[in-house]
Amino acid sequence: MSIVPLHSNVAAFLNDAPKKMVINGERVNSLSGETYTSYNPSDGTVLVEIAKGGVEDVDRAVAAAQAAAGKWAAMAPVEREKIMRRFAALIEENAEELAQLESLDNGKPLSHTRAIDVRVAINQVYYHAAWPSRMVGETVPVSIPNMFVYTRREPLGVVALIIPWNYPLIHPMQKALPALATGNTVILKPASVASLTCIRFGELALEAGFPVGVFNVITGPGSVIGEAITSHPHINKVQITGSTEVGRHVIRNSAANIKRISLELGSKAPNCIFSDADLDQAIPGAFRAAFGNTGQSCVAGCRLYVESSIYDKVVAGLLDLAQKASIGHAMDLATILGPIVDRNQFDTITNYIQSGLESGAKMLCGGQRISPPIVPAGGYYLPPTIFTDVSDEARISKEEIFGPVVNVYRFDTEEELVQRANNTTYGLAAGLWTRDLARAHRVSAQIKAGVVWVNTYDMFSPNVPFGGFKQSGYGRDNSEAVLEAVTELKSIWIPIK
């Protein structure tokens, strides 16, 4: 094991404890003075103490965001763009620090955070920074004489973002920047188990010159802060990435003031390999789709459907890759699969594995915690776990596991595949592997999911919409579609005679 040494900025950041929230343009402790401990999931060591916010801290963040909303929205578009571009440049300058913080905080391999997460975050900021000058209304040719009608987009006000622990570099920038670009003020609530990069974002936002109260970061338990945010009468919009059950709770709480909400929720993505697929691409592609970020991904291709004539070859290829996968400390550049984020998630995953065994499914590999000296002591490590002979009605076929577990199913016809792939309450993502272009178009159109990848997987761009069907939520990130989520559309009628 060869651990990458800490960047000097990372060491300084961790030594500056406890980590403070960013509220009203200042780095502040919680009003209670309480803190909680952040642990390194790779080895269980303490990273740093973090301010533990409460309801009263939510109230002061909301007050700050409310006070700043009008001034930020009234700022000239080009001035907002300048600030957001400075923010992007600062993220770019501190890319290595942010990548290391992410890997230390949630266990994602450093090779991944360097190459993907921090780069995607930077691109998100640069892309959305252009919206202030691009956001336009339209004139409407009504059939009523002597009337000039046009539309304009206006900010919602205070937008609160609650994000999960698996992508705290990407999700905040994907969601906060469109809100900021369109004149809203933001309150960012990261997951308690992975807050460090979001805290650093808050600090960089101050350095970039966001006005007081425009960009706020509040840390602490979701059970307290999330509840206060989703029911707060002066928060105009809540956007959340989380489980479907959490989404239902947010919907109920939003009734307090009929606040706008966007929800990116659970998934059980089907990934489908047809017999004519290029297996040299499809097998490693399916492996990455299932086990990328140790399966802790909202779009993980965890239901793998394989046409019967190639089923044995695909399964053999997956087993070979599973045996070769390097599992270990997130700061080791050789690591492909890092640790599970914490004990709670580890227990959730292993309970699902046990449920799969009890359902009669056949576990071909994995399923057991890996112990030292193969991996560092103190971390929760699971190898790639592959199930076959799984009933479509088994719990592990129906519920999101959020871990390194994939079920492999046989199918014989295209019609059968479409029916089974859609036999889920979710609809966030799907994948297809085939050389038949007509089939690719035909099946993609029939799969009920917000994104379908063909002969690739897990691809994103800030100018391509992303969001779910069915119980995977509603609302869209990225592209012009995101404007619907962060603005109100106003129609204006003016007599011209």
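The table below gives the values:
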read-out: Residue match in the range 266-285 (condition: within 16 Å of Y409 (Cα to Cα), surrounded by fewer than 24 Cβ atoms within 10 Å (Cβ to Cβ) and free of Cβ contacts under 8 Å to residues at least 12 places away in the same chain); value: no
read-out: Test result for L188, over 11 Å from the mean Cα position of the chain (by Cα) and among the hydrophobic types (A, V, I, L, M, F, W, C); value: yes
read-out: Single condition T244 does not satisfy, out of (1) closer than 30 Å to E393 by Cα; (2) at pLDDT 95 or above; (3) not charged (D, E, K, R); value: (2)
read-out: Residue among T37, T45 that alone is of a type outside the set (D, E), touching a residue at least 60 places away in the same chain (Cβ under 8 Å) and in the same structural domain as P109 (by TED's automatic domain parsing); value: T45
read-out: Residue among A115, A121, A99, A88 that alone is surrounded by fewer than 18 Cβ atoms within 10 Å (Cβ to Cβ) and either in contact with a His (Cβ under 7 Å, 6 or more places away or on another chain) or not charged (D, E, K, R) (or both); value: A115
read-out: I370 vs. criteria outside the structural domain of T230 (by TED's automatic domain parsing), in a helix (DSSP H, G or I) and either within 30 Å of Y474 (Cα to Cα) or not hydroxyl-bearing (S, T, Y) (or both); value: no
read-out: Strands (runs of 3 or more DSSP E) fully within the range 259-362 counting 2 or more residues that are within 18 Å of the chain's Cα centre (by Cα); value: 260-264
read-out: Those residues of the range 242-258 which are part of a loop (DSSP other than H, G, I, E, B), under 19 Å from V159 (Cβ atoms) and under 22 Å from the mean Cα position of the chain (by Cα), in sequence order; value: G242
read-out: All positions within the range 338-392 that are closer than 17 Å to N293 by Cα and acidic (D, E); value: D342
read-out: Residues being under 14 Å from D278 (Cβ atoms) and touching a strand residue (DSSP E or B) at 6+ places or on another chain (Cβ under 8 Å) - total across the range 422-438; value: 4
read-out: Test: residue in the range 31-38 that is assigned to a helix (DSSP H, G or I) and surrounded by fewer than 18 Cβ atoms within 10 Å (Cβ to Cβ); value: no
read-out: Test: residue in the range 480-487 that is under 14 Å from C272 (Cβ atoms), touching a residue at least 60 places away in the same chain (Cβ under 8 Å) and β-branched (V, I, T); value: no
read-out: A316 in contact (Cβ under 8 Å) with a residue 40 or more places away in the chain and either over 21 Å from I396 (Cβ atoms) or touching a Phe, Trp or Tyr at 6+ places or on another chain (Cβ under 8 Å) (or both); value: no
read-out: Flag if E154 is of a type in the set (D, E), surrounded by fewer than 24 Cβ atoms within 10 Å (Cβ to Cβ) and assigned by TED's automatic domain parsing to the domain that holds A68; value: yes
read-out: The listed residue being in contact with a Gly (Cβ under 7 Å, 6 or more places away or on another chain) and either surrounded by fewer than 24 Cβ atoms within 10 Å (Cβ to Cβ) or in contact (Cβ under 8 Å) with a residue 12 or more places away in the chain (or both), out of I349, I310, I327; value: I349
read-out: Flag for R134 being in contact (Cβ under 8 Å) with a residue 12 or more places away in the chain, surrounded by fewer than 18 Cβ atoms within 10 Å (Cβ to Cβ) and of a type in the set (K, R); value: no
read-out: Counted residues, the range 248-263 - those being at pLDDT below 95 and touching a Gly at 6+ places or on another chain (Cβ under 7 Å); value: 0
read-out: Scan of the range 52-70 for residues that are within 13 Å of G220 (Cα to Cα), of a type in the set (G, A, S) and over 23 Å from the mean Cα position of the chain (by Cα), ordered by number; value: G54
read-out: Given (1) under 23 Å from the mean Cα position of the chain (by Cα); (2) surrounded by fewer than 22 Cβ atoms within 10 Å (Cβ to Cβ), index of the condition R27 fails; value: (1)
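The values are calculated or read from the model by the stated rules, or taken from the named source; none is laboratory data. None of the values given here were measured: they were computed from a predicted structure. Ideal geometry is used to build each Cβ from the backbone, glycine not excepted, and the neighbour counts take in all protein chains shown.
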